[in-house]
Structure formats: structure tokens, C-alpha cells
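S.K.: First the structure, which I've put down as C-alpha cells, then a few questions once you've had a look.
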Amino acid sequence: MDEDRLYGDPALVAFYDVESTDRIDFDFCRRFARGYRSMLDLGCGSGELAASLSEGREVFGVDPAGAMLDGARRRPGGGGVAWVEGDARHVRLGRRFELVVLTGHAFQVFLTEADRRAVIETIAAHLAPGGCFVFDTRNPAAGEWREWTEERSRRTVDHPVHGVVEAWNEVAHDAETGIVTYRTLYRLPDQTLLSADSRIAFPGKDEVERLLRDAGLVVERWLGDWTGGGWTPDAPEIVPIGTLA
């Protein structure tokens, strides 16, 4: 899996938190984490969630992008997290956690079923008996990628260094594989153009359920969004919450 410049290029990483202001998934996980004494955040990105939960509990944050982890270490609470540069398919930390999370649709960067199986096996390998896991993936039936066209995605971003930046996306959907390729573009005030190409998959609930079962995990609740709504076939999200079988 090639590195995505959106997360590996410091010039683009600088936009990540600016564009990620409405993190209802983080709000849910902060409430959910109450009472848990240890947490593993796979695909932790810039570390906002992990750092915010570091006080009073053992927290590890794992991400393959060193540029993201550089920012994570500098944020408030970052000193209380053990940051690990690693791939969620292969990382093994030699310990188990009461809570394992994988948010921000990070599960979708794994493009093959074999890769997704490996990530779920990582979750199982690090989950303590009686512990809980939660992650999210967009429901393919909702077709969210249709909103990522240039026309529909045009926006302005108020960047703390560059000022007002024009941003937009371009998107292509491969109906045969279900893989979506999207380009993220930022035009700076001096007309410099920054861009990155990303690829994500949209596995269905049946596949996710099968992979969890094969890894020895059982789902106790299926949510259809991060507000706590139950899953329905047309829900925007697939959010399993469960434990070891």
C-alpha cells in the first residue's frame, strides 16, 4: 500500500486538522471510553482523540504516517501517549487493551479483503478479555462519494498560515471493484496548487461481519451513525461495537 501524500506530505498534513473540525466520531469515543483504563487508537492520524484521552489511562496511538505523528506528539496531551509509527495490518505491541478504536474511516484505506482481514486480526490480537472494540466504515449503499465531485466539494479553508485557501475534490468510482479514487486540491493565495490522490474501499456490512467472526470477535451493537442510531441498509455508516467471542 503506497503512502498517501495527504497524510505523509507535511504541506498537506497541515490542512488535516483545519478540515477535520466536526468529529462526531471523536465525541462518541470520548464518552464511550469512560471507565476504560487502556486504549489503542489504530490509524490515530494527528492524534487528537488519543491525546484527549491520555489523562488517567494508558493510551497507544498507531499510524503509518510519520508526518502525522510529528504533529500528534506536539499537541496538548500528546506527551501522555505512546506513539508508534506502524501499519495496522502488521503491528503487534505485545500487550492488550480494554478499548481498541479505529476512527475517521481509516478502515477504508485497506483496499483488499486480505488487508481488511489483517486489520481486524490486529484488533483481536490487542483486545483484552472483556474489552471492547469500535470502528467505522462508510456504507456503500449511501454512495457518499457522489458528493466529492469538483462542483459539490468546492469550499474555502481558513488556514492559520496561508489564510483563505480554495479547496475542492475530484472523484472516480470503479463500479467493478468498489474502489473510489479521489483527488484533494488546495490552491493557496499565491496560486500554488497542492494535491494528493487517495484510494479507499467501501466494503459492505456482510463482509465486515464475516471478517470479525473469523477473527474471533462478536458484534454486540451495529450503529448506522456516530449519534448512536441503529444500523439500517441505507444508513450512512457501518459501525460495529463488540468484544472477543
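S.K.: What's the magnitude of the charge dipole for the chain around its Cα centre, counting Lys and Arg as +1 and Asp and Glu as -1 at the beta-carbon? Answer in Debye, nearest 20.
M.R.: 860 debye
S.K.: Also: Taking loop as defined by DSSP and a crowding limit of 11 other beta carbons within 10 Å, which trypsin sites (Lys or Arg not before Pro) in region 60-94 fit? Before the final figure, lay out the partial values.
M.R.: On the way: sites: Arg73, Arg74, Arg89, Arg92; in loops: Arg89, Arg92.
Counting only loop positions with at most 11 other Cβ atoms within 10 Å, the trypsin sites (Lys or Arg not before Pro) in region 60-94 are Arg92.
S.K.: Something else: What is the distance, in nm, between label points placed 7 Å from the Cα along the Cα-to-Cβ direction at Glu85 and at Leu188?
M.R.: 2.4 nm
S.K.: Quick one: which residues, 5+ away or cross-chain, put their amide H under 5 Å from the amide H of Ala128? H built at 1.01 Å from N.
M.R.: Phe97, Glu98
S.K.: Show that you can apply the helix-only estimate: for the chain, add -39,500 (n - 2.57) for every DSSP H stretch of four or more residues, divide by all residues, and state [θ] at 222 nm to the nearest 500.
M.R.: It lands at -6500 deg cm²/dmol.
S.K.: Post the alpha-carbon centroid distance, region 100-145 to region 163-189, in whole angstrom.
M.R.: 23 Å
S.K.: Taking the Cα of Asp197, stepping 7 Å toward and past its beta carbon, and measuring to each backbone N in region 5-25: which are under 12 Å?
M.R.: What the label zone holds, given the 12 Å backbone N cut-off, is 5.
S.K.: For region 231-237, take each phi angle, set θ = phi - 60°, evaluate the Karplus expression 6.51 cos²θ - 1.76 cosθ + 1.60, and give the result in whole Hz per residue in order, putting x for glycine and proline.
M.R.: 6, 9, x, 9, 5, x, 10
S.K.: Which value, in Å³ per residue, describes the convex hull spanned by the Cα atoms of region 122-183? Before the final figure, lay out the partial values.
M.R.: Details: hull volume 10.8 nm³, N = 62.
Enclosed volume per residue, from the Cα hull, is 175 Å³.
S.K.: Using a 1.4 Å probe on the protein chains only, how many percent of the accessible area of the chain belongs to carbon and sulfur?
M.R.: Numbers: 5410 of 11440 Å².
Ligands and nucleic acids excluded, carbon and sulfur give 47 percent.
S.K.: How many Å² of accessible area per residue for the chain, probe 1.4 Å?
M.R.: 47 Å²
S.K.: Shape verdict for region 4-142, please, from the Cα gyration tensor: rounded (a/c under 1.5), prolate (a/b greater than b/c) or oblate.
M.R.: Note, shape of region 4-142 comes out rounded.
S.K.: Which whole-number percentage describes the relative contact order of region 134-245, with Cα contacts under 8 Å and a sequence gap of 6 or more?
M.R.: 27 percent
S.K.: Shape verdict for region 145-245, please, from the Cα gyration tensor: rounded (a/c under 1.5), prolate (a/b greater than b/c) or oblate.
M.R.: Judged from the Cα gyration tensor, region 145-245 comes out prolate (a/c at least 1.5, a/b above b/c).
S.K.: Report, for the chain, the % of DSSP beta bridges that are antiparallel, rounded to 5. Could the numbers behind the result be given before it?
M.R.: Values: 32 of 50 bridges.
If I count the DSSP bridges inside the chain, around 65 percent turn out antiparallel.
S.K.: In addition: Fully extended, how many nm does the chain gain between Ala175 and Asp70 (0.36 nm per residue separation, minus their Cα-Cα distance)?
M.R.: Value of the extension gain: 34.1 nm.
S.K.: Which entry in [x] 15.1; [y] 12.7; [z] 23.3 is this structure's computed mean projected area of the Cα convex hull in nm²?
M.R.: Matching entry in [x] 15.1; [y] 12.7; [z] 23.3: [y].
The values are calculated or read from the model by the stated rules, or taken from the named source; none is laboratory data. This is a predicted model, so every value here is computed, not measured. Positions of Cβ are generated from backbone atoms using ideal geometry, with glycine treated the same way; all protein chains shown enter the neighbour counts. Accessible surface areas use protein heavy atoms only, side chains included; no ligands, DNA or RNA. Shrake-Rupley method; radii C 1.70, N 1.55, O 1.52, S 1.80 Å.
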